[in-house]
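To keep things clear, I will list the structure first and then write my remarks on it.
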Amino acid sequence: MKPLDDAKLKDALIAAYHGKKTAEPGIYWEIKVMNHIRSLGPLQYDMTGFVWRFAAGACFLVLILSAYVMQTGFHPEYEMTELLLNDSEGLAFLSYFANII
Amino acid sequence: MIDNSGSETEIIRRIIDGDVNAFEHLLKKYKQYVFKIVGRRVPYDQTEDIAQEVFIRAYQSLPNFKGISPISNWLARIAVRTCCDFWRKAYKSKEFSMSSLTENQENLLEKIISDQSGQEFSERWSQKEVYEVLNYALNRLSAEDRTVLELVYLEGYSAKEAADLLGWSLANVKIRAFRSRKKLQSLLSK
């Protein structure tokens, strides 16, 4: 077989490829496409791209918080108790709602 | 290439603002252009469905159209990628990949392989016969290899242009173009 770089073979393949019989768009095809487009309704702004803009920032924040937690330790029950004990007004406020419930 | 005029920008703005019927202007203007791109890449009986898919994708991604390049380039990108997706699905469903050469095509391939006449290739074999053999070989390449080979080898796009159309890196296109040419070579010389 001749190598593919052979200009004659290459020309013949290109000519055959470009000489392929192709379909023509008809009026019914156009109507069908427009009906489909209408059935999709008006366009809505795609928020996906907008949301993805924050991905890098969110990942960076997660890394920073993870590093902070690794350094200081994660004990939410102590933090909550400390907050309530140091904030007596807040505690009274919360207990008011606890009584209502 | 079709120019992106000012009125076209206005039409695109209207479509994005909710005027669905304005899309008909784009459809009328670019249907021949899209059919030409799609028609070469997919089987004749699939052209209408794939061209329809191209316009549906174009409509849905119109809000992402930045207007930096002409709309014809943007549509060409969608059309080429839709054709590549078509082949990916077709190969997955084994609709085309398992098809084998007919007896006539096998005979033709054997004749081409053993051709020692030194005559012009196109003088000896009809365009239809050559296309059948080319199609047989293309059907045995992966969707990605097939698309790159069509763009770079058969249509004469530069690797950079092909990379832009496919949304791939330049290195990826160059490697795939080289490999797919080697595969085509081995398929035609089997």
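Computed from the coordinates by the stated procedures, all read-outs in this text should not be read as laboratory data. What you see is a predicted model, and the numbers here were worked out from it, not measured in a lab. Every residue, glycine as well, gets a Cβ built from its backbone with ideal geometry; the counts of neighbours run over all protein chains shown.
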- Message: Can you tell me the orientation of helix A:27-40 relative to chain A, as the angle in degrees between its alpha-carbon axis and the longest Cα principal axis, to the nearest 10?
- Response: 0 degrees
- Normalised by the number of residues in region B:1-93, what is the relative contact order in percent for Cα pairs under 8 Å and 6+ residues apart? 35 percent
- Amide H to amide H, which residues 5 or more places from B:Ser61 or on other chains are under 5 Å from it, using H placed in the peptide plane? none
- Item | Per-residue mean of C-beta atoms belonging to partner chains within 10 Å, peptide A:31-44 | 5
- With DSSP loop assignment and no more than 13 other C-beta atoms within 10 Å, the GluC sites (Glu not before Pro) in region B:120-190 are B:Glu120
- What nm distance separates the two modelled labels at B:His25 and B:Asn73, each placed 7 Å from Cα along Cα→Cβ? 2.2 nm
- Determine the distance separating the Cα centre of region B:134-190 from the Cα centre of region A:67-86; give it in Å without decimals. 59 Å
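Rounded to two decimal places and with Rh computed the Kirkwood way over Cα pairs, what is Rg over Rh for region B:140-190?
Details: Rg = 10.3 Å, Rh = 10.7 Å.
Looking at region B:140-190, the ratio lands at 0.97.
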- Query: Listing B:Thr82, B:Thr147, A:Thr48 from the residue with the fewest other Cβ atoms within 10 Å to the one with the most, what is the order?
  - Reply: A:Thr48, B:Thr82, B:Thr147
- Note on the structure: Checked against the positive end of the charge dipole of region B:1-93 (+1 on Cβ of Lys and Arg, -1 on Cβ of Asp and Glu, about the Cα centre), the farthest of B:Cys83, B:Asn73, B:Leu27 is B:Cys83
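What FRET efficiency comes out for A:Met70 versus B:Lys182 if R0 is 51 angstrom and r is the Cβ-Cβ distance? Round to the nearest 0.05. Intermediate results must be reported in sequence, preceding the final value.
Details: r = 51 Å, r/R0 = 1.00.
Taking R0 as 51 Å, the efficiency between A:Met70 and B:Lys182 is 0.50.
Return the subset of A:Lys32/B:Lys128; B:Lys92/B:Lys182; A:Lys21/B:Lys31; B:Lys92/B:Lys128; B:Lys29/B:Lys66; B:Lys36/B:Lys128 for which the Cα-Cα distance in this structure is over 21 Å, preserving the input order.
Details: A:Lys32/B:Lys128 32 Å; B:Lys92/B:Lys182 23 Å; A:Lys21/B:Lys31 17 Å; B:Lys92/B:Lys128 27 Å; B:Lys29/B:Lys66 19 Å; B:Lys36/B:Lys128 18 Å.
Where the Cα-Cα span goes over 21 Å, the pairs concerned are A:Lys32/B:Lys128; B:Lys92/B:Lys182; B:Lys92/B:Lys128.
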- With -39,500 (n - 2.57) per DSSP H segment of 4 or more residues and division by the full residue count of chain A, the 222 nm estimate, nearest 500 deg cm²/dmol, is -22500 deg cm²/dmol
- Message: I'd like the FRET efficiency for B:Ser158 and A:Leu63, computed as 1/(1 + (r/R0)^6) with the beta carbon distance as r and R0 of 51 Å, rounded to 0.05.
- Response: 0.80
